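Before any comments, here is the structure.
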Amino acid sequence: MTILGIESSCDETAAGVVRNGDDGLTLLSSVVSSSMDLHAKYGGVIPEIAARSHIEAIMPVIQQALDDAGCTWDDIDGIAVTQGAGLIGSLLIGVLAARTLAIAKKKPLYAINHVEAHLYVNFITESKVENIQPRSTQPEFPMLGVIVSGGHSQLVYFKDHFDYTLLGQTQDDAIGEAYDKVAKVLGLPYPGGVSVSRLAETGNEAAYPLPKARMSGKYDFSFSGVKTAVLRLAQELAGKDHSFPSFELAALLSDAQKADIAASFAFTACETIVDKVRLAYDEFQPKSIVIGGGVAADRELRRQLAERLPLALEYPAMKLCGDNGAMVAALGCFKAMRGADPADPYTLEVMPNLSM
Ligand code: KG4
Ligand code: ZN
């Protein structure tokens, strides 16, 4: 079974090819073209620019993914595409391309939930792609899934493939979104999460104790409180009140203060996640825990998970933590192997608010 995956939910136009092997999935290619540079001067993704960039990139990216995989259309058994969640204009380009190709090339089409796909990238255990080192073993069920991306922060308990329960999720900002907002306060370059993560490694995490929200849902999260606490802290250190423009605060902070704020924030944000992961581990005793989403690349998160959990965690390759087509192909491959009904290529619609 060889599946082409297409992803276009945000600012990355991506395609990847995955094949099922004896034990786990093999990555044959992963091509990611980002319009990030075009959004940088605005400090965030501009949906119209992202959608227009997808139009230009989508066919070359798909062709490159096939070429890199050494595949022709004859080798492809199905097409998987992100149906949601995401930006409507961005999703439309990937879905329309996939629908058209499914009809023209007579391939079954699989509609993919982006968030679920972030977890399924963990089933890739072999790679023919240079620079992408996958996990060594497949996750086992029951499995606890931890999604930490720019749009989602969720804990999901999987009894088996496609048989899962959403345990809890953020009630306000996603963790990646909080990283990005803290980056703005600290005057760090876009994309902010990576910058905060790097700077945090040089700071003192105990410098500024920050609050963790108490939630009514046992497995729910909140990140808006810690994000606001960072803003108030920066104002206090800069000697300004809340009426002072937040984008001018960074200039009044020393490098050491910025590093300490980044470290204190990363520590608290990650602890918020890890507290609940540990709680869920104790309650459900999963055989494996899988992490997905851009913040899975964060070192502080990995450090705390290693410290607090009794089982060793494996991570997807760094390049597969952010948005990519391989994760979509990976989930599509399981759908195809398990006989899931393909979508109708004449009618498949995007679902911007699709949840798990
Ligand atoms: O999964 P992803 O690529 O896109 C979404 O589906 O949202 O996640 C992007 C998020 C952004 O908020 C970005 O700032 C954050 O992941 N991120 C990181 C790191 N790399 C990306 N956050 C913390 N540490 C990182 N190394
Ligand atoms: Zn994502």
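Averaging sequence separations of C-alpha pairs under 8 Å and six or more residues apart, then dividing by the length of segment 40-150, give the relative contact order as a whole percent. Present the calculation step by step, with values, prior to reporting the outcome.
Working: 96 pairs, mean separation 23.6, N = 111.
Dividing the mean separation by the residue count of segment 40-150 yields 21 percent.
Cα convex hull, segment 10-151: 125 Å³ per residue, rounded to a whole number. Solvent-accessible surface (1.4 Å probe) assigned to Lys159 amounts to roughly 130 Å².
For segment 243-356, the Cβ-based charge dipole about the Cα centre amounts to some 380 debye (Lys, Arg positive; Asp, Glu negative; other atoms uncharged).
Let's see if you can work this out: charge +1 on each Lys and Arg Cβ, -1 on each Asp and Glu Cβ, no other charges. What is the dipole magnitude of the chain about its Cα centre, in debye to the nearest 20? Let's see the in-between values first.
Numbers: 30 positive and 43 negative charges, 66 e Å.
The dipole magnitude comes to about 320 debye.
When you count the other C-beta atoms within 10 angstrom of each residue and take the mean per peptide, 241-254, 44-57 line up highest first as 44-57, 241-254. Distance from the Cα centroid of segment 228-305 to that of segment 108-128 is 28 Å (rounded to whole angstrom).
Of all aspartates and glutamates in the structure, those lying under 13 Å Cα to Cα from Lys227, and not within fewer than 8 positions of it along the same chain, are Asp172, Asp173, Glu177, Asp180.
When all protein chains stay in place and ligands, DNA and RNA are ignored, the 1.4 Å accessible-area order of Glu130, Glu349, Glu201, largest first, is Glu130, Glu349, Glu201.
If you model segment 159-315 as an ellipsoid using its alpha carbon gyration tensor, with each semi-axis the square root of five times an eigenvalue, the axes come out at 30, 16, 13 Å, biggest first. A simple packing score, the average count of other Cβ atoms within 10 Å per residue, orders the peptides 210-219, 295-304 as 295-304, 210-219, with the highest score first.
How charged is the neighbourhood of Glu7? Take every other residue with its Cβ under 13 Å from the Cβ of Glu7, and add Lys/Arg as +1 and Asp/Glu as -1. Walk me through the intermediate numbers first.
Numbers: positive: none; negative: Asp11, Glu12, Glu116, Asp323.
So the surrounding residues net to -4.
Restricting attention to the chain, close to 60% of DSSP beta bridges with both partner residues there are antiparallel.
Remark: for residue pairs Lys106/Lys319; Lys181/Lys212; Lys41/Lys258; Lys184/Lys258; Lys184/Lys212, the C-alpha separation exceeds 23 Å in Lys106/Lys319. For Leu252 and Arg302, a Förster radius of 25 Å and the Cβ-Cβ distance give a FRET efficiency of 0.20, rounded to the nearest 0.05. Here's the picture: charge each Lys and Arg Cβ at +1 and each Asp and Glu Cβ at -1 in segment 47-198, and of Tyr110, Thr137, Tyr179 the one pushed furthest to the positive end of that dipole is Tyr179.
So what's the net charge close to Gly292: Lys and Arg +1, Asp and Glu -1, counting the other residues with Cβ under 14 Å from its Cβ? Taking every other residue near Gly292 into account, the sum is -2.
Compute the angle between helix 255-284 and the longest alpha-carbon principal axis of the chain, please, reported from 0 to 90 degrees and rounded to the nearest 10. Relative to the chain, helix 255-284 is tipped by roughly 60 degrees. Farthest toward the positive end of the dipole of the chain, out of Ala280, Val31, Ala207, is the Cα of Ala207, where the dipole comes from beta carbon charges about the Cα centre. Taking every protein chain into account, the accessible area of the chain amounts to 42 square angstrom per residue (probe 1.4 Å). Between the helical axis of 325-337 and the dominant principal axis of the chain, each derived from Cα atoms, what acute angle in degrees is found, rounded to the nearest 10? With both axes taken from Cα atoms, the answer is about 50 degrees.
When the charge dipole of the chain is built from unit charges on Cβ atoms (+1 for Lys and Arg, -1 for Asp and Glu) and taken about the Cα centre, the candidate among Thr268, Gly294, Ala97 whose Cα reaches farthest toward its positive end is Thr268.
The values are calculated or read from the model by the stated rules, or taken from the named source; none is laboratory data. All values reported here derive from a predicted model rather than from experimental measurement. Every residue, glycine as well, gets a Cβ built from its backbone with ideal geometry; the counts of neighbours run over all protein chains shown. Side chains are part of the model used for accessible areas, which takes the heavy atoms of the whole protein and leaves out ligands, DNA and RNA. Shrake-Rupley method; radii C 1.70, N 1.55, O 1.52, S 1.80 Å.
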